[in-house]
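The values are calculated or read from the model by the stated rules, or taken from the named source; none is laboratory data. This is a predicted model, so every value here is computed, not measured. Here Cβ is always computed from backbone atoms with ideal geometry, including for glycine, and neighbour counts include all displayed protein chains.
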Amino acid sequence: MNEELDYEYEYDEHGEIVYYAVRPNKTKIKKEIATLFTLGEEMAALSLTHIKSLELPENINKAVLEVSRMPHTGARKRLLKYIAGQLHKIETEPFIAKVARINNTSAHAVREHHLAEHWRDKLIAKGNDALTEFLYEYDHADRQQLRQLMRNAQKEAELAKPPKSSRLLYRYLKELLQAETEETLALSADDDQEDDEQEFDDEFDEFDDEDEFDEFDEDEDDD
């Protein structure tokens with residue numbers, strides 16, 4: 001993170017600067033370290049695969065992996081302080097963005113899991129009424145496949161058989177909901193990009209007025 005500095009000056013009798021000292025802004029640094037301490041905790045809470053995907057410097061990666069296995073003790077807190085200090089020496093924005101992206105993806109995954117479970121149980125319990133309701137919300141779903149999985153899962157439940165079809169129904173619903181989320185996020189990203197492009201075009205148009213250029217040229221001619 002960028003270090004904030006305080007400047008102190010000395011002047012001679014003519015008001016000219018003859019000396020200045022540069023000192024770190026300690027309050028700002030403390031706030032940055034506290035933020036990086038929290039970032040270290042968030043990194044340590046990730047799965048081993050996600051920690052690896054961050055591509056941290058070797059010393060920080062090793063410390064984060066160690067913290068992820070430690071109980072909440074004083075030693076863990078000291079190691080997190082070490083991580084914060086090491087992060088303060090490097091550019092952290094890419095790692096902050098990666099952690100945010102991982103957490104956002106994980107949040108969507110949890111939502112999709114619960115929603116898939118909800119619809120699986122509802123389809124098995126209420127049958128065609130629930131299927132009609134589901135297809136109203138997700139009209140691109142495969143009606144025939146859903147109906148077959150639903151009926152097989154209902155038979156399994158009636159005969160107390162292993163829930164093979166129930167698991168297959170959950171998997172289908174989960175994949176469908178995941179695809180829905182990805183499509184929504186992609187459309188949202190496209191909309192944001194279009195808004196940014198439109199904003200740029202609007203700002204450019206302010207400087208692309210022929211009348212304004214004509215007025216400028218006339219002023220130049222008068223000079």
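Laid out as a table, the results:
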quantity	calculated
Every residue from the range 112-158 that is among the charged types (D, E, K, R), part of a helix (DSSP H, G or I) and under 33 Å from the mean Cα position of the chain (by Cα)	E112, E117, R120, D121, K122, E133, E137
Test for A109: is it in a helix (DSSP H, G or I) and within 17 Å of the chain's Cα centre (by Cα)	yes
Positions within the range 92-112 being closer than 16 Å to L39 by Cβ and not polar (S, T, N, Q), in sequence order	E93, P94, F95, I96, A97, K98, V99, A100, R101, I102
Selection status of L39, within 25 Å of S106 (Cα to Cα), of a type in the set (A, V, I, L, M) and surrounded by 13 or more Cβ atoms within 10 Å (Cβ to Cβ)	yes
Options K161, K77; residue that is part of a helix (DSSP H, G or I) and of a type in the set (D, E, K, R)	K77
Single residue of A116, A84, A97 found to be assigned by TED's automatic domain parsing to the domain that holds A63, among the small types (G, A, S) and modelled with pLDDT under 95	A84
Tally of residues being closer than 24 Å to R111 by Cβ and of a type in the set (D, E, K, R) across the range 144-171	2
